[in-house]
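K.L.:
Got a structure for you, written out below as structure tokens; questions coming shortly.
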Amino acid sequence: MTVPAEPAADRGPAVPVRPAGAAGRRRLPRPGLLGGVCLAVVAVLFAAAALGGLVFPHWARQDLLLGVSGPGAGHPLGTDDLGRDILQTAVVGTRSALVGPTLIAVGSMALGNLLGLWAGYRGGWADALVGRWADLVLSLPALLVTVVVVGVLGGGYPAAVLVLAVLSSPTDTRLVRSAVLAQRHLPYVEAAEALGLSRRRILFGHIWPNVLPQALANALVNFSFALVALSSLSFLGIGVPPGAADWGRMLSENQTLMYDNPAATLLPALLVVTAATAVNLLGDRAQDALDLRARTR
Amino acid sequence: MTTTSPATGQSPQTSAAPSPGPARRAGHPLAAYAARRLAAAVALLLVVSLAVFALLALAPGDLARTLLGTRSATPQALAAVRSAHHLDDPFLVQYWHWLAAALHGDLGVSVRTGAPVTQAVGDRIGLTLQLALGGFVLALLAGIPFGTLAALRRGRATDRIVQGLGVIGLSAPAFASGLLLVHLFALRADWLPAFGAGDGGTLDRLRHLVLPCVALALSVTGLLLKLTRAAVLRELDADHTAFALARGVPPREVLLRHVLRGALLPIATGAGLVLAYLVAGTVMVEATFALPGLGRLLVDSVTYKDVPVVQAVALLAASAVITVNLVVDLLTPLIDPRIRTGGTR
């Protein structure tokens, strides 16, 4: 997730010459302290997602004689009612917390960008159709739709990921569509058209790279939304199967242990909030930086 | 953030613009505008209701057995269910029967309890409305003043802190903040009850609703804060604000009568999005605090595959969101006179 740094690098060919005035020399803000902290948090979480299962292969080992216990020797944050270590379960659970949102952000970006490019470039009925579709989806509470659809029709975690990817794509669609409309009549597009380049090549080779930074910033915001939504679903018992290492699952299964070992619920709750906040802040900062560039250009 | 441009954002301008033509003859461009919004809302409701009805047909397993639930599936019982639900008719005919019954207040029978769905919904809707209203009012009281404050202190420490807290609120699922609240205020400091809806007394109910309402409000406040800050910033940058200040209008007056008045419309058009957050938040909060409301009913019914109840709650939620969007669309000409005249002045 190196997105905030990225927009500065590519942009080059499309924007002709920057004005040399004071405003033009304004650089993309550096990540700053907060941005750096967010990047570090995200890096640690992805490392935990990749390595958690290797470091703690026996996280699911039960100790029924011990049962629920507070923080102590051998179990820094205590155990749940089956005697499983809270810290290990939470670390291993990072994977299911991050994989789904990553798939959703990528899938939603792919679908949304395709529709947005098509609608913005084609205009007319295609634009109207895609616009109505985006209106319809945006007017529905995504979490509720997922609860109903996945709960009744089944399909578990993969189905939840698919439904959420489709439901979060309209923001991408709108963003890309309006960006395409803004680029559509710039000289470089008209030049490409005059050269007789194919529509596909103009869209993907010339327009899309200029829209990509905004799309990536939006993908971060979508990621954060998906993380919250998926953990909400598993808290409700939809999606992730019982007994799996998952933050939302831990929260709902350990809710009754709040008196005996508060860490069993507070740790996954804090992890969800921390992860979602870090990614959301990164997305916000990337968007702000892009807005600033757009204004000062 | 991009989610702050909801479906309703573009509607007033685009749909009001062409009205001076044929509608001028009728003398009421507003009536034509209202009629168009109403027709769009009804069409949307029909699409959503068709999707909700299709849930039953798409649910895995035999329809009649799904509707029988745990009752014994004798041939007679199956035949009775088939005829009661018109299961042998074509899909659209079934939909028509279902829709007609739903419009008459008959949403079928709960598979799990055998009681009418409307009764199950009616028993629980009160609690959910109390919760949602409480959460909404708290969110308004926090989101709009702090959003305005952040915009007025743009770029300064206050702005950054308020915005940061807003992002945390937006990123914290209602169950996470709810459990944190329970831990702090119910377990650590035994001030408020942790779970349940109370024994029925008004005061007791209020005490039980404090933490759930705060948890619900936290998630919605982040969104309102963002909407408000963006809207107020836009107005602060507008020419009319600068001109009013230059004319010597007291800053207080400029804030109230120019900036906030202008910011009202974009905030109001975000109401649909706010309600969507509120609805989703209510489901989560009811699950967290073991409150027997509609959200809890929905989740329980989903778990037990009680499709008629799921359909009813889903339809109710969708209708609420669509209605609020419609009301906002109809109110926008009253909030913003420019729309009344098609923006030509």
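The values are calculated or read from the model by the stated rules, or taken from the named source; none is laboratory data. Here the structure is a predicted model, which is why all the values come from computation and not from measurement. Glycine gets a Cβ as well: all are built from the backbone with ideal geometry, and neighbour counts include every protein chain shown. In case anyone asks, the SASA skips ligands and DNA or RNA and just uses the protein heavy atoms, side chains included. Shrake-Rupley method; radii C 1.70, N 1.55, O 1.52, S 1.80 Å.
This table checks each residue for (1) buried (at least 21 other Cβ atoms within 10 Å of the Cβ); (2) within 25 Å of A:LEU282 (Cα to Cα).
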site: B:ALA115; (1), (2): no, no
site: B:LEU127; (1), (2): yes, no
site: B:LEU133; (1), (2): no, no
site: B:GLY143; (1), (2): yes, yes
site: B:LEU152; (1), (2): no, yes
site: B:THR158; (1), (2): no, yes
site: B:LEU170; (1), (2): yes, yes
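K.L.:
Also, I was wondering about something else. Condition (residue is in contact with a Ser or Thr (Cβ under 9 Å, 6 or more places away or on another chain), at the interface with another protein chain (Cβ under 10 Å from one of its Cβ atoms), surrounded by 12 or more Cβ atoms within 10 Å (Cβ to Cβ) and modelled with pLDDT of 75 or more) applied to region B:25-38: is it met by at least one residue?
P.N.:
Just the residues of region B:25-38 that are in contact with a Ser or Thr (Cβ under 9 Å, 6 or more places away or on another chain), to begin with: B:29-30, B:32-33, B:36-37.
From what is left, the residues that are at the interface with another protein chain (Cβ under 10 Å from one of its Cβ atoms) are none.
No - not one qualifying residue is present in region B:25-38.
Matching residues to (1) farther than 28 Å from A:ALA97 by Cα; (2) under 32 Å from the mean Cα position of the chain (by Cα); (3) at pLDDT 75 or above; (4) surrounded by 12 or more Cβ atoms within 10 Å (Cβ to Cβ):
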position	(1), (2), (3), (4)
A:PRO4	no, yes, no, yes
A:GLY12	yes, yes, no, no
A:PRO19	yes, no, no, no
A:GLY36	no, yes, yes, no
A:VAL42	no, yes, yes, yes
A:ALA49	no, yes, yes, yes
A:GLY52	no, yes, yes, yes
A:TRP59	no, yes, no, yes
A:LEU77	no, yes, no, yes
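K.L.:
Has region B:251-269 got at least one residue that is under 23 Å from B:VAL42 (Cα atoms) and in contact (Cβ under 8 Å) with a residue 60 or more places away in the chain? So that I can check it myself, show each step before the final result.
P.N.:
As a first pass, look at region B:251-269 and keep what is under 23 Å from B:VAL42 (Cα atoms): B:268-269.
Narrowing the set further to residues that are in contact (Cβ under 8 Å) with a residue 60 or more places away in the chain leaves B:268-269.
Yes.
K.L.:
Run down B:PHE175, B:PHE243 and say which single residue is under 27 Å from B:VAL274 (Cβ atoms) and assigned to a helix (DSSP H, G or I).
P.N.:
Details: B:PHE243 fails: under 27 Å from B:VAL274 (Cβ atoms).
None of the others qualify; the one that does is B:PHE175.
K.L.:
Here is a list of conditions, (1) within 30 Å of A:SER234 (Cβ to Cβ); (2) buried (at least 16 other Cβ atoms within 10 Å of the Cβ); (3) more than 8 Å from chain A (Cβ to nearest Cβ), and B:LEU180 meets all of them except one; can you say which number that is?
P.N.:
Result: B:LEU180 passes all but (3).
K.L.:
Of all residues in region A:101-144, how many are closer than 27 Å to B:SER301 by Cα and modelled with pLDDT of 90 or more?
P.N.:
So the first thing to find is which residues in region A:101-144 are closer than 27 Å to B:SER301 by Cα, and the list is A:101, A:104, A:136-144.
Then keep just the ones that are modelled with pLDDT of 90 or more; that gives A:101, A:104.
Of the residues in that region, 2 qualify.
K.L.:
Name the residues in region A:251-269 that are closer than 23 Å to B:VAL299 by Cα and open to solvent by less than 20 Å² (accessible area, probe 1.4 Å), would you?
P.N.:
Those that are closer than 23 Å to B:VAL299 by Cα and open to solvent by less than 20 Å² (accessible area, probe 1.4 Å): A:LEU251, A:ASN254, A:LEU257, A:MET258, A:THR265, A:PRO268, A:ALA269.
K.L.:
Next up: Let me confirm something: among A:ARG95, A:ARG122, which residue is more than 27 Å from B:VAL52 (Cα to Cα), in contact (Cβ under 8 Å) with a residue 60 or more places away in the chain, open to solvent by 30 Å² or more (accessible area, probe 1.4 Å) and not hydrophobic (A, V, I, L, M, F, W, C)?
P.N.:
Values: A:ARG122 fails: in contact (Cβ under 8 Å) with a residue 60 or more places away in the chain.
When all the criteria are applied, what remains is A:ARG95.
K.L.:
I'd like to check something: does region B:120-138 contain any residue that is part of a helix (DSSP H, G or I) and over 30 Å from B:PHE195 (Cβ atoms)?
P.N.:
Looking only at region B:120-138, we keep the residues that are part of a helix (DSSP H, G or I), and these are B:120-138.
Add one more test, that the residue is over 30 Å from B:PHE195 (Cβ atoms), and what stays is none.
No, because not a single residue in region B:120-138 is part of a helix (DSSP H, G or I) and over 30 Å from B:PHE195 (Cβ atoms).
K.L.:
Between A:VAL176, A:VAL166, which is surrounded by 23 or more Cβ atoms within 10 Å (Cβ to Cβ) and either within 30 Å of B:LEU63 (Cα to Cα) or within 14 Å of another protein chain (Cβ to nearest Cβ) (or both)? Outline the logic, then answer.
P.N.:
On the way: A:VAL166 fails: surrounded by 23 or more Cβ atoms within 10 Å (Cβ to Cβ).
Of the residues listed, the single one that is surrounded by 23 or more Cβ atoms within 10 Å (Cβ to Cβ) and either within 30 Å of B:LEU63 (Cα to Cα) or within 14 Å of another protein chain (Cβ to nearest Cβ) (or both) is A:VAL176.
K.L.:
Got a sec? Which of B:LEU46, B:LEU107 is modelled with pLDDT of 80 or more, among the hydrophobic types (A, V, I, L, M, F, W, C) and outside any helix (DSSP H, G or I)? Write out each step before concluding.
P.N.:
Values: B:LEU46 fails: outside any helix (DSSP H, G or I).
Exactly one residue qualifies, and that residue is B:LEU107.
K.L.:
If you check A:GLY116 against the conditions, is it surrounded by fewer than 21 Cβ atoms within 10 Å (Cβ to Cβ), more than 24 Å from B:VAL310 (Cβ to Cβ) and within 12 Å of chain B (Cβ to nearest Cβ)?
P.N.:
no
K.L.:
With respect to B:ALA197, determine if the residue is in a helix (DSSP H, G or I) and either away from chain A (no Cβ under 14 Å) or closer than 19 Å to B:ALA287 by Cβ (or both). It would help to see each step written out before you state the result.
P.N.:
On the way: in a helix (DSSP H, G or I): no; either away from chain A (no Cβ under 14 Å) or closer than 19 Å to B:ALA287 by Cβ (or both): yes.
No: the conditions fail for B:ALA197.
K.L.:
Also, quick follow-up: Where residues in region A:254-271 are of a type outside the set (A, V, I, L, M) and more than 30 Å from the chain's Cα centre (by Cα), which of them is nearest to the other protein chains (Cβ to nearest Cβ)?
P.N.:
Checking each candidate, the answer is A:TYR259.
K.L.:
Can I ask one more? Out of B:LEU87, B:LEU67, report the one residue that is outside any helix (DSSP H, G or I) and open to solvent by less than 40 Å² (accessible area, probe 1.4 Å). Before the answer, list the steps.
P.N.:
Numbers: B:LEU67 fails: outside any helix (DSSP H, G or I).
One residue alone meets the criteria, B:LEU87.
K.L.:
Report, by residue number, each residue of region B:270-280 that is more than 9 Å from chain A (Cβ to nearest Cβ) and either among the small types (Gly, Ala, Ser) or without any contact (Cβ under 8 Å) to a residue 24 or more places away in the chain (or both).
P.N.:
Correct list: B:GLY270, B:ALA271.
Okay, residues lined up against (1) at positive phi; (2) without any contact (Cβ under 8 Å) to a residue 60 or more places away in the chain; (3) aliphatic (A, V, I, L, M); (4) open to solvent by 30 Å² or more (accessible area, probe 1.4 Å):
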position: A:VAL130; (1), (2), (3), (4): no, yes, yes, no
position: A:LEU140; (1), (2), (3), (4): no, yes, yes, yes
position: A:TYR157; (1), (2), (3), (4): no, no, no, yes
position: A:ASN210; (1), (2), (3), (4): no, no, no, no
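K.L.:
Additional query: Within the bounds of region A:207-214, is there any residue that is assigned to a helix (DSSP H, G or I) and either over 26 Å from A:ALA286 (Cβ atoms) or within 12 Å of another protein chain (Cβ to nearest Cβ) (or both)?
P.N.:
Pass one, region A:207-214, residues assigned to a helix (DSSP H, G or I): A:207-214.
Going one step further and asking which of them are either over 26 Å from A:ALA286 (Cβ atoms) or within 12 Å of another protein chain (Cβ to nearest Cβ) (or both), we end up with A:214.
Checked region A:207-214: at least one residue is assigned to a helix (DSSP H, G or I) and either over 26 Å from A:ALA286 (Cβ atoms) or within 12 Å of another protein chain (Cβ to nearest Cβ) (or both).
K.L.:
Could you list, in sequence order, the residues of region A:226-250 that are among the aromatic types (Phe, Trp, Tyr) and either farther than 23 Å from A:LEU82 by Cα or open to solvent by less than 10 Å² (accessible area, probe 1.4 Å) (or both)? Outline the logic, then answer.
P.N.:
Of all residues in region A:226-250, those among the aromatic types (Phe, Trp, Tyr) come to A:235, A:247.
Answer for region A:226-250, where residues must be among the aromatic types (Phe, Trp, Tyr) and either farther than 23 Å from A:LEU82 by Cα or open to solvent by less than 10 Å² (accessible area, probe 1.4 Å) (or both): just A:TRP247.
K.L.:
Check B:ARG160, B:ARG207, B:ARG153 and return the single one that is farther than 24 Å from A:LEU143 by Cβ and within 14 Å of chain A (Cβ to nearest Cβ). I'd like the intermediate steps shown before the answer.
P.N.:
Values: B:ARG207 fails: within 14 Å of chain A (Cβ to nearest Cβ); B:ARG153 fails: within 14 Å of chain A (Cβ to nearest Cβ).
Within the list B:ARG160, B:ARG207, B:ARG153, the selection yields B:ARG160.
K.L.:
Pairs, please: C-beta under 9 Å, at least 6 apart or cross-chain, first residue facing chain A (nearest Cβ under 9 Å) and in region B:303-328, second aromatic (Phe, Trp, Tyr)?
P.N.:
The qualifying pairs are B:GLN311/B:PHE53; B:GLN311/B:TRP98.
K.L.:
Do the conditions hold for A:SER198, that is, is it touching a helix residue (DSSP H, G or I) at 6+ places or on another chain (Cβ under 6 Å) and either at pLDDT 85 or above or open to solvent by 10 Å² or more (accessible area, probe 1.4 Å) (or both)? Step through it out loud before you land on a result.
P.N.:
Details: touching a helix residue (DSSP H, G or I) at 6+ places or on another chain (Cβ under 6 Å): no; either at pLDDT 85 or above or open to solvent by 10 Å² or more (accessible area, probe 1.4 Å) (or both): yes.
Judged against the criteria, A:SER198 is not a match.
K.L.:
What residue, of B:ASP106, B:ASP62, is open to solvent by 30 Å² or more (accessible area, probe 1.4 Å), free of Cβ contacts under 8 Å to residues at least 60 places away in the same chain and over 26 Å from B:SER319 (Cα atoms)? Spell out the reasoning first.
P.N.:
On the way: B:ASP106 fails: over 26 Å from B:SER319 (Cα atoms).
B:ASP62 is the lone residue from the list that is open to solvent by 30 Å² or more (accessible area, probe 1.4 Å), free of Cβ contacts under 8 Å to residues at least 60 places away in the same chain and over 26 Å from B:SER319 (Cα atoms).
K.L.:
Can you tell me which of B:LEU265, B:LEU256 is more than 9 Å from chain A (Cβ to nearest Cβ), modelled with pLDDT under 85, over 24 Å from A:ALA229 (Cα atoms) and open to solvent by 60 Å² or more (accessible area, probe 1.4 Å)?
P.N.:
On the way: B:LEU265 fails: open to solvent by 60 Å² or more (accessible area, probe 1.4 Å).
None of the others qualify; the one that does is B:LEU256.
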